[in-house]
Amino acid sequence: MSLREEIITLAKENWADRVGFAPASRFAPDDPIFRIMPSTKTVICLVYKLLRGMYRGIEEGTTFYQYTTMAVENMEETVMPMAQLRVSNYLESLGYTALPQRRHQTVMAEENDTNPEVAFDAVFRGRTQEPQMDFLNTAVMCGVGERSLHGTLLTDEMGPMVRWCFILTDAEIEADEIAVPHLCDGCRACVKGCPGHAIDENGQVDRWQCAVYYNGANGLRNPFMNPDAFPDFEDRLQIIAGEAKVTPETAREILRNIYFYPPAQHAYQCSICGRACDIECYIHLEEKGVLTEKYHDPFRRREPWHYEIEDFRFPEHNEKEKEKGE
């Protein structure tokens, strides 16, 4: 068995669903991987599918913690690191150097950006001293999938319902070919599906806008929101309807007032939208029949549930609207 085959076997024994390899020569000389580990010769990508059942509670409006704790927290903090360590230990037992690379959830090079998955005030910004890999581009270079319109990884098996991590090593391992894009057809289901209009027609994501609605500012899709939410905001109904356009400053203020559901144990923010962009993308790909993992029933079985904006109007607001109508 070749080293490549041994790594794939070991990774899959530790729940990886797909393993890809890219040679260092495929990356630009100034790519962060060479600042992280100058002796890198191969980048290994481990891809893990997220169970469809983790999204079902959000789809049905019943349970929301499963996505955050099982699809985000446990994958990032337990499952993937364990596989990275085991594969890396195996490589080092053969005399190679191996460096696991997971996401920097709370460290960012950008000065005024954010990560919707964690609390905005837990992010350390402007940290350019510590190089950070481009997770999406590197995964594509490893041949495990393609880039979607809204900037996530699409795989043949589960579309966007995946998470992934890397190992840098000085071992030379046979590479995979870069996948020819064939899944994303530019349908913009991701754009239409975002409960906060955080994705523009070109697929660019406003991450502050995303953070606000990832955390549940859209009351029409949040069963935990109080009818009198955001009482001190003049545009409270626009916020609740997902129609408010936020700035980094107003996003911070809205996020300080989102207290509808507790965060996960490792300080991951509870996702109320459950990455609706990914869900809508998955549904589109499933309906097209292009995904290789098949299920007995379609993911979407009925019209999506929602509340009405009328459920959030203050009585005095209704009176004012009535007066305007007269």
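The values are calculated or read from the model by the stated rules, or taken from the named source; none is laboratory data. As the structure is a prediction and not an experimental result, all values here were calculated from the model. Ideal geometry is used to build each Cβ from the backbone, glycine not excepted, and the neighbour counts take in all protein chains shown.
Observations on the model:
- Only one of the numbered conditions (1) touching a Lys or Arg at 6+ places or on another chain (Cβ under 6 Å); (2) under 28 Å from PRO262 (Cβ atoms) is violated by GLU76, and that is (1).
Residue-wise test of (1) of a type outside the set (Val, Ile, Thr); (2) in contact with a Leu (Cβ under 8 Å, 6 or more places away or on another chain); (3) free of Cβ contacts under 8 Å to residues at least 40 places away in the same chain.
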residue	(1), (2), (3)
GLY219	yes, no, no
GLY242	yes, yes, no
THR250	no, no, yes
ALA267	yes, no, no
ILE279	no, no, no
LEU285	yes, yes, no
GLU293	yes, no, no
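- Checking each residue of region 165-174 against the condition of being part of a loop (DSSP other than H, G, I, E, B) and surrounded by fewer than 17 Cβ atoms within 10 Å (Cβ to Cβ) gives at least one match.
- Every condition in (1) part of a strand (DSSP E or B); (2) over 30 Å from LYS288 (Cβ atoms) is met by PRO131 except one, and the failing one is (1).
- From the options GLN105, GLN129, residue that is modelled with pLDDT under 90, under 24 Å from THR247 (Cβ atoms) and either in contact with a Pro (Cβ under 6 Å, 6 or more places away or on another chain) or not assigned by TED's automatic domain parsing to the domain that holds HIS266 (or both): GLN105
- Of residues in region 178-194 being among the hydrophobic types (A, V, I, L, M, F, W, C) and either part of a loop (DSSP other than H, G, I, E, B) or without any contact (Cβ under 8 Å) to a residue 24 or more places away in the chain (or both), the one surrounded by the fewest Cβ atoms within 10 Å (Cβ to Cβ): VAL180
Residues are listed down the side, and each one gets a yes or a no for (1) within 25 Å of ILE272 (Cβ to Cβ); (2) in contact (Cβ under 8 Å) with a residue 24 or more places away in the chain:
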position: THR78; (1), (2): yes, no
position: SER88; (1), (2): no, yes
position: ASN112; (1), (2): yes, yes
position: GLU117; (1), (2): yes, yes
position: CYS142; (1), (2): no, yes
position: ARG147; (1), (2): no, yes
position: ILE167; (1), (2): no, yes
position: GLU172; (1), (2): no, yes
position: ASP176; (1), (2): no, yes
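- ALA211 being of a type in the set (Gly, Ala, Ser), buried (at least 18 other Cβ atoms within 10 Å of the Cβ), in the same structural domain as THR250 (by TED's automatic domain parsing) and within 30 Å of MET82 (Cα to Cα): yes
- Some residue of region 108-131 being among the polar types (S, T, N, Q), farther than 24 Å from ALA24 by Cβ and touching a Phe, Trp or Tyr at 6+ places or on another chain (Cβ under 9 Å): yes
- Subset of region 13-42 that is closer than 21 Å to PRO160 by Cβ and either touching a helix residue (DSSP H, G or I) at 6+ places or on another chain (Cβ under 8 Å) or not acidic (Asp, Glu) (or both) - its residue that is surrounded by the fewest Cβ atoms within 10 Å (Cβ to Cβ): TRP15
- Residue match in region 211-223 (condition: of a type in the set (A, V, I, L, M, F, W, C), within 23 Å of MET108 (Cα to Cα) and not in a loop (DSSP other than H, G, I, E, B)): yes
- Helices (runs of 4 or more DSSP H) (entirely within region 236-326) containing at least 2 residues that are modelled with pLDDT of 95 or more and assigned by TED's automatic domain parsing to the domain that holds GLY219: 236-240, 248-256, 276-288
- Close contacts from region 35-55, counting a first residue that is of a type in the set (S, T, N, Q) and a second that is at pLDDT below 95 and surrounded by 21 or more Cβ atoms within 10 Å (Cβ to Cβ), with Cβ to Cβ under 8 Å and a gap of 6+ residues or different chains, come to none at all.
Matching residues to (1) of a type outside the set (A, V, I, L, M); (2) under 30 Å from TRP305 (Cβ atoms); (3) under 23 Å from the mean Cα position of the chain (by Cα):
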site: PHE21; (1), (2), (3): yes, no, yes
site: GLY61; (1), (2), (3): yes, yes, yes
site: GLN66; (1), (2), (3): yes, yes, yes
site: MET70; (1), (2), (3): no, yes, yes
